[in-house]
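Q: My structure is below; once you've seen it, I'll send some questions.
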């Protein structure tokens with residue numbers, strides 16, 4: 001009997017978790033998957049609330065899918081979004097317009113999905129902090145304890161901690177300091193980059209949301225001309241777009257083994273958009289007040305994430321930019337296109353391993369000058385290797401550390417005792433913004449003077 005009780009103990013201590021991510025945010029969800037899978041190793045159940053606009057979902061896992069294409073269109077598949085990425089500055093207004101229009105037909109039925117989710121008995125809810133108002137609404141309606149998960153390093157407080165390897169306060173912790181292991185290159189990719197006449201490999205990848213078929217002809221021609229001029233190198237370009245004429249030293253494919261290429265000893269440069277992802281951070285129970293109406297633009301999918309069947313797929317298919325450059329110590333040339341990519345690129349440049357392309361100034365001479373500067377300046381590689389060393393220099397695996405924090409939260413019912421948290425969380429906006437000082441003290445002084 002004692003053996004049976006001991007064997008069941010891990011399951012008795014297991015939690016029921018919900019992860020809520022951005023609509024159609026496959027890259028966001030992939031950012032969180034290693035952490036969620038680590039929690040599943042501790043016998044926790046993790047469910048995914050995910051909204052999709054396509055009848056397929058590429059997480060390589062068992063799922064229950066609600067196909068929203070019957071009701072809505074995906075704003076990221078729209079030509080207007082693709083042209084915006086190439087030709088305009090990305091702002092909160094452009095993003096709001098593209099994302100809000102298709103939601104109107106679905107609003108009347110959205111609350112049914114939300115209520116099904118919030119009625120579940122969740123021990124903790126992980127809510128994506130970027131583009132996921134659904135997560136905010138689910139947390140508010142369910143009244144459950146929560147952890148805000150940040151797939152990208154864009155939150156203001158992070159800037160004050162750039163000089164420190166590890167934060168020590170309880171409400172904020174990082175789990176993203178890990179790297180995907182290298183796998184050997186295979187087949188034609190291996191043969192292509194192993195050419196003894198090559199001075200090195202240049203990897204080019206801009207992700208799935210940067211449509212080359214909608215790129216201005218002069219900008220696409222600039223890339224083609226420059227790559228053709230770099231015949232002494234081997235160039236592997238993740239490209240899906242109009243037919244182009246490139247030399248034999250340029251390999252074009254809709255999908256490339258990006259991580260494995262960046263970790264290959266012959267690779268010398270990475271050209272990308274500066275997306276971040278997977279340098280992920282968490283904030284525990286610090287959700288601001290959200291009105292109930294905010295949740296009405298949500299659509300629901302619940303997916304159960306089975307750990308054993310998916311890891312080998314994920315390791316070969318995840319595609320990120322700044323994170324993989326840091327993990328490989330690779331010099332990088334970033335051309336920010338939208339979202340937080342401009343800030344990511346400037347942070348990488350500040351660290352000394354990257355330079356930046358301006359998409360509005362892109363010409364053949366400008367692009368070629370930037371690339372050759374990166375290739376002929378050893379300092380970029382030196383700074384990249386130094387960043388990689390610091391990134392991985394930690395006494396404990398970041399995923400194990402994050403799992404420990406979550407398990408400790410469960411021990412206390414989902415939230416640590418109040419003395420673990422800063423008292424400022426309990427202050428009103430009136431006090432937090434110092435309105436009492438800005439308004440009251442001048443009024444007292446004015447009264448005295450009068």
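Q: Look through segment 395-433, keep the residues that are in a helix (DSSP H, G or I) and touching a strand residue (DSSP E or B) at 6+ places or on another chain (Cβ under 8 Å), and return whichever of them is farthest from residue 17 (Cα to Cα).
A: 398
Q: When you go through 247, 241, 275 one by one, which is the residue that is outside any helix (DSSP H, G or I) and within 19 Å of the chain's Cα centre (by Cα)? Reasoning before the result, please.
A: Working: 247 fails: within 19 Å of the chain's Cα centre (by Cα); 241 fails: within 19 Å of the chain's Cα centre (by Cα).
Of the residues listed, the single one that is outside any helix (DSSP H, G or I) and within 19 Å of the chain's Cα centre (by Cα) is 275.
Per-residue answers, yes or no, for (1) in the same structural domain as residue 214 (by TED's automatic domain parsing); (2) within 27 Å of residue 390 (Cβ to Cβ); (3) exposed (fewer than 15 other Cβ atoms within 10 Å of the Cβ); (4) more than 22 Å from the chain's Cα centre (by Cα):
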{"residue": "335", "(1), (2), (3), (4)": "yes, yes, no, no"}
{"residue": "339", "(1), (2), (3), (4)": "yes, yes, no, no"}
{"residue": "342", "(1), (2), (3), (4)": "yes, yes, no, no"}
{"residue": "360", "(1), (2), (3), (4)": "yes, no, yes, yes"}
{"residue": "365", "(1), (2), (3), (4)": "yes, no, yes, yes"}
{"residue": "370", "(1), (2), (3), (4)": "yes, yes, no, yes"}
{"residue": "375", "(1), (2), (3), (4)": "yes, yes, no, yes"}
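Q: Select from segment 392-421 the residues that are farther than 15 Å from residue 43 by Cα and over 26 Å from the mean Cα position of the chain (by Cα) and list them in ascending order.
A: 412, 413, 416, 417, 418, 419, 420, 421
Q: When you scan segment 78-98, do you find a residue that is assigned to a helix (DSSP H, G or I), at pLDDT 60 or above, in contact with a helix residue (DSSP H, G or I) (Cβ under 9 Å, 6 or more places away or on another chain) and farther than 24 Å from residue 345 by Cα, even just one?
A: Yes, the conditions are met somewhere in segment 78-98.
Q: Would you confirm, using the coordinates I've provided, whether residue 206 is closer than 23 Å to residue 355 by Cβ, within 25 Å of the chain's Cα centre (by Cα) and outside any strand (DSSP E or B)?
A: Against the criterion (closer than 23 Å to residue 355 by Cβ, within 25 Å of the chain's Cα centre (by Cα) and outside any strand (DSSP E or B)), residue 206 qualifies.
Q: Another question, if that's okay. Under 28 Å from residue 272 (Cα atoms) and buried (at least 19 other Cβ atoms within 10 Å of the Cβ): is that true of residue 402 in this structure?
A: On the way: under 28 Å from residue 272 (Cα atoms): no; buried (at least 19 other Cβ atoms within 10 Å of the Cβ): yes.
Considered against the rule, which asks whether it is under 28 Å from residue 272 (Cα atoms) and buried (at least 19 other Cβ atoms within 10 Å of the Cβ), residue 402 comes out as no.
Q: Taking the conditions exactly as written (over 30 Å from residue 218 (Cα atoms), modelled with pLDDT under 60 and over 23 Å from the mean Cα position of the chain (by Cα)), does residue 67 satisfy them or not?
A: So residue 67 passes the test.
Q: Another question, if that's okay. Tell me which residues, restricted to segment 243-265, are surrounded by fewer than 19 Cβ atoms within 10 Å (Cβ to Cβ) and more than 19 Å from residue 208 (Cα to Cα).
A: 245, 246, 247, 248, 249, 265 - these are the residues of segment 243-265 that are surrounded by fewer than 19 Cβ atoms within 10 Å (Cβ to Cβ) and more than 19 Å from residue 208 (Cα to Cα).
Q: In segment 114-138, how many are farther than 18 Å from residue 39 by Cβ and in contact with a helix residue (DSSP H, G or I) (Cβ under 9 Å, 6 or more places away or on another chain)? Reasoning before the result, please.
A: Going residue by residue through segment 114-138, those that are farther than 18 Å from residue 39 by Cβ are 114-119, 129-134, 136-138.
Now drop any that are not in contact with a helix residue (DSSP H, G or I) (Cβ under 9 Å, 6 or more places away or on another chain), which leaves 114-115, 117-119, 129-134, 136-138.
Total meeting the criteria: 14.
Q: Anything in segment 340-361 that is touching a helix residue (DSSP H, G or I) at 6+ places or on another chain (Cβ under 8 Å), modelled with pLDDT under 90 and part of a loop (DSSP other than H, G, I, E, B)? List them, or say none.
A: none
The values are calculated or read from the model by the stated rules, or taken from the named source; none is laboratory data. What you are looking at is a predicted structure, and each value in this text was computed from that prediction instead of being measured. We place every Cβ from the backbone using ideal geometry, glycine too, and count neighbours over all the protein chains shown.
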